[in-house]
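Data first, discussion second: the structure below is written as structure tokens.
Derivation of every value follows stated rules applied to the coordinates shown; laboratory data play no part. This structure is a prediction, so every number in the text was calculated from the model and none was measured.
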Amino acid sequence: MSRLVAYREKQNLTQEELSKKSGVSVRTIQRIESGIAPKGYTLKALAKALSLDEKELLKREADQKQINYKLTNIINLSSLLVVFIPILSIAFPLVITHFKKQYNPLTKQIITIQILWSILTIAIYLIGSVLNLGELGRNFALVLLLLLVFANVCIILRNSIELNKNNTLYFNLKNSII
């Protein structure tokens with residue numbers, strides 16, 4: 001099944017409806033769905049009609065098959081189990097990724113986000129400990145750490161929602177550490 005079919009069906013559109021919405025003939029849509037890559041105006045019109053980036057329609061089918069999105073979502077959600085322990089919030093997704101052999105851009109992004117969050121959390125804790133501003137400083141550091149944990153939970157849940165809807169991450173970094 002081509003990417004165009006998947007995106008068209010995800011939006012509950014028939015070929016005729018997509019044709020009207022995009023201005024591309026039904027026959028052209030049929031050809032693209034049979035495996036011919038869209039180009040130029042056709043690519044732009046279809047991407048616009050489906051509210052997608054043009055690159056999404058051009059990705060190779062093999063790239064799509066390598067990613068198990070349900071397992072990727074489980075890898076993302078595994079950080080929730082240990083959200084209060086920064087190092088384990090990296091370890092859980094990393095171990096699942098390794099054993100299930102899900103080395104793909106999405107899992108790398110998920111682990112990178114957890115690494116950055118862990119570094120930030122540990123740095124805040126150490127800064128709070130070094131400053132040692134008494135009871136007020138400890139309370140402030142604790143509140144800040146709880147806010148960071150809450151922010152991490154929100155990031156994980158938002159990425160999970162986006163993985164379920166669009167097979168992408170909502171919080172997507174340009175580079176990954178791993």
Which percent of Cα-Cα pairs in region 3-64 sits in each 5 Å bin, short to long?
-> 4, 20, 36, 29, 9, 1
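Residue 178 to residue 127: extension gain in nm, 0.36 nm per residue of separation minus the Cα-Cα distance? Before the final figure, lay out the partial values.
Values: separation 51, 0.36 × 51 = 18.36 nm, distance 2.64 nm.
The span from residue 178 to residue 127 would gain 15.7 nm if fully extended.
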Using Cα atoms only, what is the angle between the long axis of helix 105-131 and the major principal axis of the chain, expressed in degrees (0 to 90) to the nearest 10?
-> 20
Rg/Rh (Cα only; Kirkwood hydrodynamic radius) as it applies to region 67-166 = 1.07
Cα-based helix-to-principal-axis angle, 134-166 vs the chain, degrees rounded to 10 = 20
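Which entries in the list 44/100; 48/100; 44/101; 20/108; 48/174 go over 31 Å, if you measure between the two C-alpha atoms of each?
Working: 44/100 36 Å; 48/100 35 Å; 44/101 35 Å; 20/108 38 Å; 48/174 23 Å.
Beyond 31 Å: 44/100; 48/100; 44/101; 20/108.
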Using θ = phi - 60° and Karplus 6.51 cos²θ - 1.76 cosθ + 1.60, couplings along region 45-51 (whole Hz; Gly, Pro as x) = 5, 5, 4, 5, 5, 9, 6
The set of residues whose placed amide H lies less than 5 Å from the amide H of residue 167, leaving out same-chain residues fewer than 5 positions away, is none
